[in-house]
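The values are calculated or read from the model by the stated rules, or taken from the named source; none is laboratory data. Computed from a prediction, not measured in an experiment: that's the story for all the values here. Cβ atoms come from the backbone with ideal geometry, glycine included; neighbour counts cover every protein chain shown.
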Amino acid sequence: MDDLDEGSEGWFHSLFMSLRDEAHEVTDDLLPIMTRIRSNYTGRYAHPSLDGFVARIMLGIFGDRRRNDDE
Amino acid sequence: MDASSSDDTLVGVAKQRGKPGDRAYSFLVVRHQPWVTRLLVALLPRGEADEVKQETFLTGWLNLRQLLINAAFPGWIRGIAVRGAYKRYRRRSVEDKYNVLDSVPVEFSDPAKTLQDADGVRFVLSQMDYIYREVLVLRYVEELNIEEICETLDLGNSAVKMRLKRARDQFKVVYLEATHG
């Protein structure tokens, strides 16, 4: 049991119920996600919102592949 | 392996990559994207939430082998989503400094609707400091307990409780202002 404040817990849970119920309204993004994942296999991934974190990971992956090819 | 396989099994297959790995990860995306969407839509405007969702699952796939306990996939992907949302929020905050007209998300700007529905609650959240919005969403939308919030935000127990208390206080202030002018 959480050591949380009093009566307001129930009020917040009740108020936020509408947001919890929104799970039924989500769009299915499987296709764009898997398209981006598959394009990553070929090294052609270039989405404008790609951030530095993912970019560094990709560089590591491709770097490893090049090293493996050299061997 | 099929769509009804456990997270443990699907993550194990996905880690092996190849076509079976792709298929396994597809099942994971289908299973978990509804609640990841719900989480992100509560934190960000819809367009940004959809982009961050895609980036979340892409980052998850790229880093899957770093996940030591396969069955812990939901908590792990939640952490990626929350960090991605925060980064997106920070980026927008910087952009907004140079473009004041865009600083209020259009989809949150209609307080005329009742504050009891999802748009109303989202409007109040959008007026709050991001760190408080974030902890309220984890607590009352995702219904995480304190320990789970600690893990997601990488904060200590007392820090989370304090942040949650301040978040509730701020929410009440904004809510009352919105409902009573």
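For residue B:129, the conditions (1) facing chain A (nearest Cβ under 10 Å); (2) closer than 20 Å to residue B:93 by Cα all hold with the exception of (1).
Selection of the stretch B:43-71 for residues being in contact (Cβ under 8 Å) with a residue 40 or more places away in the chain and of a type outside the set (Asp, Glu) yields B:43, B:44, B:45, B:46, B:61, B:64, B:65, B:67, B:70, B:71.
The residues of the stretch B:149-163 that are modelled with pLDDT under 95 and exposed (fewer than 13 other Cβ atoms within 10 Å of the Cβ) amount to a single one, B:154. Please verify whether residue B:69 is surrounded by fewer than 20 Cβ atoms within 10 Å (Cβ to Cβ), at pLDDT 95 or above and over 17 Å from residue B:133 (Cα atoms), treating the condition exactly as stated. Criteria met by residue B:69.
What residue, among those in the stretch B:26-51 that are more than 16 Å from residue A:21 (Cα to Cα) and within 7 Å of another protein chain (Cβ to nearest Cβ), is surrounded by the fewest Cβ atoms within 10 Å (Cβ to Cβ)? Here the residue is B:30.
Considering the stretch B:6-28, and only residues there that are in a helix (DSSP H, G or I) and among the hydroxyl-bearing types (Ser, Thr, Tyr), the residue that is nearest to residue B:72 (Cα to Cα) turns out to be B:9.
One line per residue, one yes/no per condition, for (1) within 12 Å of chain A (Cβ to nearest Cβ); (2) over 17 Å from residue B:38 (Cα atoms); (3) not hydroxyl-bearing (Ser, Thr, Tyr):
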| position | (1), (2), (3) |
| --- | --- |
| B:122 | yes, no, yes |
| B:134 | no, no, yes |
| B:139 | yes, no, yes |
| B:142 | yes, no, yes |
| B:145 | yes, yes, yes |
| B:155 | no, yes, yes |
| B:160 | yes, yes, yes |
| B:174 | no, yes, yes |
